[in-house]
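Peer 1: Next up is a structure, given as structure tokens.
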Amino acid sequence: MKTILVLGGAGYIGSNVVWGLREKGYNVVVVDDLSSGYIKFIGKESFFKFHANKDDLEHIAKNYKFDAICWFSALIEAGESMKNPGIFLRSNLSENFEVLEFAKNHDIKHIVFASSAAVYGIPDKQVVSETDKTDPISVYGLTKLMFEKVLNFYSNIYGISSVSLRFFNASGASFTRDMGEAHKNESHLIPIVFNAALGLRDCVKIFGNDYKTIDGTCIRDYVHIEDLSNAFILSLEYLFDGGRTDVFNLGNGEGFSVKQIIDKVKDVTKINFKVEVTDRRPGDPDIEIADYSKAQKILSWNPRYKLDDIISSAWKWHKSDTYASLVRSNS
Ligand code: UDP
């Protein structure tokens, strides 16, 4: 049985991958510092409350031989990275580099890394493919792109093969388990809209309605976390089968505007809430949609869930007692 080390496995996407791997019969070891993850998503089995740094990992490695790493641990808020770039560079590059050295020293030859569409910055095209220009406009996106490149060198130099998965807008909640999005300082559109519907915030602020889109608000490609989770497992299998180091876009291939998301939530919840238009948020492209044909061709990955599934699963999650208790514990 192969043993997979999941860094950041108690978080929003990582926890789904942990369960997906367990269901496939992998032995899963989870490391998470619980700065944004929740132990109740994954349980205490083979869980270590550690930072993903070298000393802590050395401690765990005394008892396990890892076949691969699935890597989620990171600081993820692009806006925050422009206020505190140093913290992002330290966490997403220096500390990651230490983990990579750990992988090299322990002969771990396969890595699946959570990257981001933020590597593209403001794309020249609405539908972006992996061969398009990468030019991040946030320090967060820069750290993801730089680390992809570092992984490429470690592949060439040390034979550590890796897949970097460029997520577009990760969204939705688990269909089978009581877990979903509950960030401590929420900045993402869909949970913000649900929080407004639940009266947990006064209103939704639309960041700009003068973009070149159908209704003036930004268009994004929302992809369900269970589809992302499945892509992680397919990527691992691809690497175990001898697949070479590569990057893949993961999205649904279709876009929805901020207004369309808000209307959809109002429609599903049957709740009306206040919406205001405010200034643009710096660094938002008008439209960003994934061309995921490479993942389809090479990983045999196909997104199975559409916006309706994303919104209905997220609504079920936001109404749950677990979500309410996490919000209380975060406040
Ligand atoms: N957005 C918004 N109001 C909010 C949060 C987000 O209008 O309170 C917009 C944001 O400008 C972007 C889209 O919603 O166009 C998705 O933003 P999110 O932060 O969820 O994901 P991103 O696309 O930045 O990764």
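Peer 1: Relative contact order of segment 203-308: what whole-number percent is it, with Cα pairs under 8 angstrom and at least 6 residues apart?
Peer 2: Reported relative contact order: 47 percent.
Peer 1: Given 0.36 nm per residue, what is the gain on full extension from Ile214 to Arg280 after removing their alpha carbon distance, in nm?
Peer 2: That works out to 22.1 nm of additional length.
Peer 1: Here's another thing I want to ask about it. With +1 on each Lys and Arg Cβ and -1 on each Asp and Glu Cβ, and nothing else charged, work out how big the dipole of the chain is about its Cα centre, in Debye to the nearest 20.
Peer 2: The dipole of the chain has a size of about 460 debye.
Peer 1: For segment 6-107, I need the span (max minus min coordinate) of the C-alpha atoms along each principal axis, in Å, sorted largest to smallest.
Peer 2: Projected onto its principal axes, the Cα set of segment 6-107 covers 41, 30, 19 Å.
Peer 1: Is it possible to state the helix-based mean residue ellipticity at 222 nm for the chain, with each DSSP H run of 4+ residues giving -39500 (n - 2.57), the sum divided by total residues, to the nearest 500 deg cm²/dmol? What is it?
Peer 2: -11000 deg cm²/dmol, from helical runs alone.
Peer 1: Also, I was wondering about something else. Packing-wise, with mean Cβ within 10 Å as the measure, how do 78-86, 251-259 rank, highest first?
Peer 2: Ranking the peptides 78-86, 251-259 by packing returns 251-259, 78-86.
Peer 1: Another one. How big is D, in µm² s⁻¹, for the chain by Stokes-Einstein at 37 °C and 0.692 mPa s if Rh is the Kirkwood radius over C-alpha pairs?
Peer 2: Result for D is 163 µm²/s.
Peer 1: If Rh is defined by the Kirkwood formula over all Cα pairs and Rg also comes from Cα, what ratio Rg/Rh do you get for segment 279-331?
Peer 2: 1.15
Peer 1: Taking a threshold of 18 Å on the Cα-Cα distance, which of the pairs Lys125/Lys212; Lys266/Lys319; Lys24/Lys49; Lys205/Lys274; Lys205/Lys266 fall above it?
Peer 2: Pairs exceeding 18 Å: Lys24/Lys49.
Peer 1: On a 0 to 90° scale, report how tilted helix 258-269 is relative to the longest principal axis of the chain, with both axes built from alpha carbons and the result rounded to the nearest 10.
Peer 2: Rounded to the nearest ten degrees, it is 80.
Peer 1: Then there is this: If you fit an axis through the alpha-carbon atoms of helix 307-318 and take the longest principal axis of the Cα set of the chain, what angle between them do you get, 0 to 90°, nearest 10?
Peer 2: 90
Peer 1: Based only on the alpha carbon positions, what is the Kirkwood hydrodynamic radius of segment 52-175, in angstrom?
Peer 2: 15.4
Peer 1: Subtracting the Cα-Cα distance from 0.36 nm times the residue separation, let me have the gained length for Leu200 to Lys65 in nm, one decimal.
Peer 2: Taking Leu200 through Lys65 to full extension adds about 44.1 nm, to one decimal.
Peer 1: Net charge near His188, counting Lys/Arg +1 and Asp/Glu -1 over other residues with Cβ under 11 Å of its Cβ?
Peer 2: After counting each charged neighbour, the total is -2.
Peer 1: Using only Cα atoms and rounding to the nearest 10 degrees, what angle (0 to 90) does helix 14-23 make with the longest principal axis of the chain?
Peer 2: It works out to around 60 degrees.
Peer 1: Let me ask you something else. Give, rounded to the nearest 20 debye, the magnitude of the charge dipole that segment 1-73 has about its Cα centre when Lys and Arg contribute +1 at Cβ and Asp and Glu contribute -1 at Cβ.
Peer 2: Using only the charged Cβ atoms, the result is roughly 200 debye.
Peer 1: Per residue of segment 276-291, in order, report the coupling 6.51 cos²θ - 1.76 cosθ + 1.60 (Karplus, θ = phi - 60°) as ³J(HN,Hα) in whole Hz, putting x for Gly and Pro.
Peer 2: 3J(HN,Hα) across segment 276-291, in whole Hz: 10, 9, 10, 5, 4, 8, x, x, 8, x, 4, 9, 9, 10, 8, 8.
Peer 1: Right, next: With just the Cα atoms of segment 181-312, tell me how far they stretch along each of the three principal axes, in Å, largest first.
Peer 2: Here the spans come out as 52, 30, 26 Å, largest first.
Peer 1: Summarise the long-distance tail of P(r) for segment 129-225 by giving the % of C-alpha pairs beyond 20 Å.
Peer 2: More than 20 Å apart: 59 percent of the Cα pairs in segment 129-225.
Peer 1: Each residue of segment 51-67 in turn: what ³J(HN,Hα) in whole Hz from Karplus with 6.51, -1.76, 1.60 and θ = phi - 60°, glycine and Pro shown as x?
Peer 2: 6, 7, 10, 4, 5, 5, 5, 4, 4, 5, 5, 5, 10, 9, 10, 8, 8
Here, each number is a calculation from the coordinates, and none is a lab measurement. Only a predicted model underlies this, so the values are computations on that prediction, with no experimental measurement involved. Positions of Cβ are generated from backbone atoms using ideal geometry, with glycine treated the same way; all protein chains shown enter the neighbour counts.
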